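Shown next, in structure tokens, is the structure this report addresses.
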Amino acid sequence: MRVVGTVALLCTLAVPVRAVEIPPAERRSGYEFMSRETRAMQDDDAANPAMLWVLEGEALWARTAGAGERACRDCHGDARSSMKGVAARYPAFDATRGRPVNLEQRVNACRTERQKAPALAYQSRELLALTAYLGRQSRGLPIDIATDARMKPFLDAGRAAFNRRQGQLDLSCAQCHDDHWDKRLAGNAITQAHPNGYPLYRLEWQGLGSLQRRMRNCMAGIRALAPEYGSAEFVDLELFLAWRARGMKMETPAVRP
Amino acid sequence: MAGALINVPASARRGEIIEIKTLVSHPMETGYRRTQYGTVVPRDIIRQFVCTYNGEQIFRAEFHPAIAANPFIAFTTVATESGTIAFLWTGDNGYAVAESVKISVA
């Protein structure tokens with residue numbers, strides 16, 4: 001009897017449970033899983049350390065760079081009006097590349113093609129500052145990515161990556177973030193993995209980080225080999241996460257534990 | 001990197017209790033961590049924070065390695081007269097950041 005029981009248990013564990021997407025009404029931002037103290041940090045711009053990066057981004061926006069001797073502001077004007085809602089639409093389709101690009105890639109495309117300046121490295125202070133400043137202009141606005149026919153193959157690829165088991169622990173993103181988001185892992189809330197606050201200040205990092213840095217953390221956690229920063233696979237996954245969080249309000253720059 | 005974020009009300013009534021919030025950019029490296037090669041990462045922290053109100057010291061704090069990066073300090077004082085509230089953070093490796101804000105007291 002015990003043998004039968006064990007076999008039955010093994011079978012349940014071995015059969016992949018089909019992940020069920022979270023219904024829109026049950027979606028919850030990572031904010032809602034946080035303690036009162038961490039929420040207070042995010043709610044008050046005077047206490048949110050990510051605002052240090054936003055301030056630097058504001059300065060970078062107006063500073064000339066590269067051989068073109070142009071600043072972001074020279075083409076785009078005042079970011080507070082011209083960049084309102086822009087970050088909420090990324091990743092967006094880029095016609096020259098024939099695929100979606102994320103906000104970091106968009107900034108670097110502007111730098112190399114228009115400003116004739118070297119691209120900024122992923123996780124560099126400057127790129128984080130600029131993306132935080134851009135993201136700040138969309139705070140409170142709903143995530144609104146394009147989902148036309150051009151985007152579909154990349155969205156499907158992102159969905160497949162989200163549902164694919166990987167790493168030594170053989171887990172998919174969906175197994176935690178669709179199926180077990182209301183539970184805890186080693187004392188921490190698992191959460192639904194919505195990208196609505198990036199780049200954000202993570203207390204664990206003691207600094208600002210991009211969505212791809214966060215995804216690399218998850219991949220290290222399941223002992224999977226993470227793709228390179230800025231790789232197509234990561235951008236597709238970003239795209240799927242944005243689609244999954246469509247309509248949710250941007251919180252950039254958020255604070256997370 | 002932007003040095004510091006200061007939040008002080010621009011104006012206040014005489015005798016009113018005002019809240020002062022400060023956030024400063026600093027890695028606060030403890031000096032206890034090691035690199036993956038085993039070498040100690042040298043300590044780099046803010047040692048002291050001083051706030052003066054028209055030249056008079058109203059708040060001072062000493063910092064130690066256990067304080068997180070980008071320290072946030074909030075405190076209150078009584079608005080006595082119009083003038084300048086000045087802030088000075090000093091620390092290892094010659095670190096010094098000075099900021100000041102004006103307040104008008106009616």
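Give, as a single signed number, the net charge of other residues whose beta carbon lies under 12 Å from the beta carbon of A:Gln42, with Lys and Arg counted +1 and Asp and Glu -1. Mind showing how you got there, number by number?
Numbers: positive: A:Arg36, A:Arg39, A:Arg139, A:Arg202, A:Arg256; negative: A:Glu32, A:Glu37, A:Asp43, A:Asp44, A:Asp45, A:Glu251.
Net charge around A:Gln42: -1.
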Provide the solvent-accessible area of B:Thr90, counting protein heavy atoms only and rolling a 1.4 Å probe, rounded to the nearest 10 Å². 40
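For the peptides B:77-89, A:243-255, what is the packing order when you average, over each peptide's residues, the other Cβ atoms within 10 Å and list the highest mean first?
Working: B:77-89: 16.8, A:243-255: 20.8.
Result, highest mean Cβ count within 10 Å first: A:243-255, B:77-89.
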Looking at B:Leu88, B:Ile73, B:Gly38, which one has the Cα that reaches farthest to the positive end of the dipole of the range B:4-105 (charges on Cβ: Lys, Arg +1; Asp, Glu -1)? B:Gly38
Förster radius 51 Å - calculated FRET efficiency between A:Ala149 and B:Asn93, Cβ distance, rounded to 0.05: 0.35
Student exercise, the range A:56-100 dipole from Lys, Arg, Asp, Glu Cβ charges, in Debye to nearest 20: 220
Can you tell me the 0 to 90 degree angle between the C-alpha axis of helix A:211-221 and the longest principal axis of chain A, rounded to 10? 30
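For the protein assembly as shown, with only Lys/Arg (+1) and Asp/Glu (-1) charged at the beta-carbon, what is the dipole magnitude about the Cα centre, in debye rounded to 20? Could the numbers behind the result be given before it?
On the way: 46 positive and 38 negative charges, 153 e Å.
Taking the Cα centre of the protein assembly as shown as origin, the dipole is about 740 debye.
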For the range B:4-105 (alpha-carbon point model, no solvent) the Debye-based log₁₀ I(q)/I(0) at q = 0.18, 0.20 Å⁻¹ works out to -0.82, -0.95
J(HN,Hα) series, the range A:242-250, from Karplus relation 6.51 cos²θ - 1.76 cosθ + 1.60, nearest Hz, glycine and proline x: 5, 5, 5, 9, 4, x, 6, 7, 5
Does anyone have the angle between helix A:125-136 and the longest principal axis of chain A? Alpha-carbon axes, 0 to 90°, nearest 10? 80
Cα-Cα longer than 30 Å, checked against A:Lys183/A:Lys249; A:Lys116/B:Lys102; A:Lys84/B:Lys21; A:Lys84/A:Lys116; A:Lys116/A:Lys152, kept in input order, equals A:Lys116/B:Lys102; A:Lys116/A:Lys152
As I understand it, the dipole of the protein assembly as shown uses +1 on the Cβ of Lys and Arg and -1 on the Cβ of Asp and Glu, about the Cα centre. Which of A:Pro257, A:Phe93, A:Met83 lies farthest toward its positive end? A:Phe93
Counting only the backbone N, which residues of the range A:47-65 are under 15 Å from the spot 7 Å out from the Cα of A:Arg73 toward its beta-carbon? A:55-65
Mean other chain Cβ within 10 Å across B:21-29 is 3
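Over its Cα atoms, what ratio of radius of gyration to 2.2 N^0.38 Å does the protein assembly as shown give? Could you put the intermediate results ahead of the total?
Details: Rg = 23.6 Å, N = 363, 2.2 N^0.38 = 20.7 Å.
The value comes to 1.14.
The values are calculated or read from the model by the stated rules, or taken from the named source; none is laboratory data. These numbers were taken from a predicted model, which means no experiment stands behind them. No Cβ is skipped: glycine too gets one built from the backbone with ideal geometry, and neighbour counts run over all protein chains shown. These accessible areas exclude ligands, DNA and RNA; they are computed on the full protein's heavy atoms, side chains included. Shrake-Rupley method; radii C 1.70, N 1.55, O 1.52, S 1.80 Å.
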